[in-house]
Amino acid sequence: MSPVAELVRTQVDLGGLMRVLANNMYSTPEVVVRELVQNAHDSCTRRRLEDTSAPEARILVVPDAAAGTLSIVDNGAGLTREEIDRYLATVGAGYTGRLRAAGADAGLIGQFGIGFLSAYVVSTRVDLYTTSFQTPQEGWHFSSAGGERYTVAPHAAHEVGTRVVLHLSERFRPLCDAPTLEALLQRYCCLLPMAIHVSSPERPAINRPPPPWRETEAHSPLRRRSLERAFAARFEQRFEPLCTLPVSPGNGGSASGLLWLHDGSTYGTSDNRNLSVFVRGMLVSRDARELLPEWAGFVGGVLEADALTPTASREDVQRDAAFDVTAEQVRECLIDGLSRLAREDDTTWRRLLQRHNEALLGAALCDERLFTLLADALKVPTTEGDLTLPAVHRRSGGRLHASTGESGGPEEVLCRALGVPVVDSGRYAALPFTRRWAERKGLPVLQLGTREGNAALFPRVQLEPAQEERLRALFAEDGVELVPSRFSPPALPLVLVPDREAELKARLEADAADKRIGAAVLSLARGFTATIASRAQARLYLNVDAPTLRTLLAAPEDRARSAARLLSGLCTLLSHRDERAGAPSVASALEGISAALCALLPPSA
C-alpha cells in the first residue's frame with residue numbers, strides 16, 4: 001500500500017510577518033499619515049452608510065512636538081470591542097472589505113486590511129481610543145507596542161469616533177512639525193472629499209478648494225486657467241506650467257484630471273514626465289509616468305482614476321487592462337488638447353514649439369494627427385540654422401538635402417557655398433521627420449554622401465577623350481573614381497566625396513574590428529556590407545565649368561601637376577575621409593600641399 005499523504009497546516013511566524021509587513025511594505029515611513037487618514041475617511045464613510053443620523057464627516061490631525069505624538073481623530077463609525085479583535089488586530093481583515101463585498105462601495109478607499117500596520121513603523125507605542133455608534137455608551141482603549149501583542153481596556157465613552165495616538169520614535173519626530181505635516185497631507189489627501197484639518201478644526205481645511213475638474217462654480221476662462229495653473233504648481237516642483245489641458249472621461253476611460261505642459265527645455269531623450277495618480281481621492285503614485293506617452297517628456301499631470309487597482313502598499317497601481325485603457329484615454333486627451341491649443345492660443349503654442357521643438361519632432365513621428373498638426377511648424381537642424389521644412393524647401397530651389405550624419409563633409413561645404421540648407425541627419429528625429437514631410441509632398445530627399453544623393457548633386461558629363469585622359473593623368477589616385485561633372489559655384493573646381501558605405505565595409509573587414517565590436521553585432525554589420533560591391537572608397541567630382549580647372553588643363557605639364565597636387569591635398573583635408581579605411585592621412589595631404597606650393601612659387605633671389 002502506498003503511504004497516506006499527511007495534511008499539515010502552514011505555520012505562521014507572527015512576529016516575523018509583522019516585522020516584514022510593517023518595515024518592508026512601504027518605501028517611506030511618511031506613508032503612515034496617508035494610511036491613517038485613509039482609515040479615518042473609511043470610518044466616516046461607513047458611518048454615513050450605516051447611521052442615518054451621522055453628522056458631517058470631520059478628520060483632525062494633531063501634531064504635538066513637545067509630547068512627540070501625532071494624533072488622527074475622526075467622528076466616524078468607531079469600533080466595538082468585538083470589532084477591535086476582528087478587524088483592527090487581525091492582519092488582512094478590515095471592515096471596508098466586508099462593506100465592499102456587500103456592494104457598499106460609495107467612496108471607500110481601503111482594500112487589504114493592513115494599512116494600520118504602518119503605525120508601528122514610526123512609533124514606539126500606538127494607543128487608540130474609540131466609541132462605536134452602535135454602542136455609544138461604551139469606550140475602549142487599544143494599546144500595542146510593535147503589533148504582536150495588544151491590550152484592550154474599557155475607557156470612558158466620548159463622542160462617537162476614533163482617536164489614534166502615535167508615540168513617535170525619535171527619528172520620526174519631524175512628523176510632529178506642523179508645516180511638514182501639512183505638506184504631506186496636501187500631497188496625499190488633497191482630493192479627499194471630506195474636510196481634513198491640522199492642529200485645530202477652526203483652521204482652514206488643507207484639502208480645500210476642490211480640484212479644478214470638480215469645480216461646480218462657473219468661472220471666466222481667465223479665472224479657470226488661473227485656478228488650474230495654481231493647482232498644477234502644487235505638483236510641478238521643477239518647472240513652470242505653460243498651460244493646462246483637462247482630462248475628461250472618454251475613449252473608454254473614466255479618469256478625470258489635469259495635464260500641463262511645462263517650460264523645462266527638453267531634447268529628444270529628455271524624460272521630464274510627471275504624473276500623480278489618485279484612486280478614490282487618495283494619492284497612490286507620484287510617478288505614474290507610464291500612463292503618459294513616451295514622447296510626452298514635457299508633460300505633467302494629476303489623474304483621478306478609480307478604475308485603476310492599487311498595489312498592496314498603495315504606492316503604485318497594477319499594470320493591467322484598466323491601466324492600458326487609462327493610458328489610451330490620457331493620450332487622446334493630450335493630443336486633443338494640443339490641437340485645441342494650436343487653434344486657440346497662438347502665444348502659448350509658439351512658446352511650446354520653441355521650448356520643446358526637438359521632443360515634438362519625435363512626438364510627431366508617433367501619431368499621424370500630431371504630424372499633421374506640427375509638420376510645417378517644427379524646425380529641423382540644418383547647415384543654415386534651425387529652419388522649418390517649408391523654409392528649407394524654398395531656400396533649396398524645391399529640393400531637400402540631408403547629410404549622412406557626419407557634419408562638415410565636402411557635400412555640406414558645397415551646399416554652404418550655394419546657401420542651400422542641409423538637414424543634419426545626426427540629430428534626433430531630424431531625418432525621419434524630413435522624410436515623412438517630403439513623402440507627403442511627393443518630394444525626394446537627397447541624402448548627401450550616398451551614391452544616389454551625390455549623383456543628383458553632381459551630374460556626370462561626357463568630355464572629349466583627350467580631356468578626360470589629361471584629367472585622369474593629373475588627379476588619378478588609388479581607390480578614387482574620377483567623375484567629370486557640372487555644379488555650382490564655379491569657384492569650386494573639384495570636390496572629393498568619400499563613399500561612406502564603402503568605408504564602413506573596409507573598416508568592418510579589417511581584423512582589428514573583431515576586437516572592438518561584439519561578435520553578434522559585427523556579424524549583422526558584415527551581413528549588410530556584404531551587399532555592397534567592391535568599389536572606390538571615394539569619388540572626385542571635377543567641375544568642368546570651373547575657370548581654375550580650365551586654366552589648369554591649359555598650363556604647362558610641370559605647373560599643372562603641382563597645381564593638381566595642391567588641389568588634391570586641399571580636397572583630402574575637406575573630405576573627412578576615414579584613414580582607418582585606407583584614405584591618405586592628413587599629414588601626407590599637408591606634405592603634398594607644401595611640396596606643390598614650393599614648386600609653384602618662384603625661387604627666392
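Of note:
- Extension reserve of the A599-V461 stretch, reckoned as 0.36 nm per residue once the Cα distance is removed: 46.5 nm
- Peptides 323-332, 462-471, ordered by how many other C-beta atoms sit within 10 Å of their residues on average, highest first, read 323-332, 462-471.
- Counting 0.36 nm for each residue step from E202 to D85 and taking away their Cα separation leaves a gain of 38.7 nm.
- Between segment 346-375 and segment 252-323, the alpha-carbon centres lie 21 Å apart.
- Efficiency of FRET from Cβ geometry, D287 and E138, R₀ 41 Å, rounded to 0.05: 0.35
- Using Cβ point charges alone (K and R +1, D and E -1), the dipole size of segment 212-354 about the Cα centre works out to roughly 400 debye.
- Under the simplified labelling scheme, the T180-Y150 pair shows an inter-label distance of 2.7 nm, with each label point 7 Å from Cα along Cα→Cβ.
- Normalised by the number of residues in segment 212-354, the mean separation of alpha-carbon contacts (under 8 Å, six or more apart) gives a relative contact order of 23 percent.
- For segment 154-190, applying the loop criterion from DSSP together with a ceiling of 16 other beta carbons within 10 Å to the trypsin sites (Lys or Arg not before Pro) yields no site.
- Summed residue charge, Cβ within 14 Å of V62's Cβ, Lys/Arg positive, Asp/Glu negative: -3
- Cleavage-rule hits (GluC sites (Glu not before Pro)) in segment 118-168: DSSP loop, at most 15 neighbouring Cβ within 10 angstrom: E148, E159
- Once the gyration tensor of the Cα atoms in segment 233-388 is diagonalised, the equivalent ellipsoid follows with semi-axes of 29, 15, 14 Å, ordered largest first.
- For segment 224-282, with +1 on Lys and Arg beta carbons and -1 on Asp and Glu, the positive-most of N272, L261, L227 along the dipole: L227
- Net charge dipole, segment 325-395: roughly 240 debye, given to the nearest 20, about the Cα centre with Cβ charges of +1 for Lys and Arg and -1 for Asp and Glu.
- Taking the DSSP bridge list for segment 375-455 and keeping only pairs wholly inside it, about 45 percent are antiparallel.
Each value in this text was obtained by applying a stated rule to the coordinates, not by laboratory testing. All values reported here derive from a predicted model rather than from experimental measurement. Neighbour counts are summed over all protein chains in view; Cβ atoms, including those assigned to glycine, are modelled from backbone coordinates with ideal geometry.
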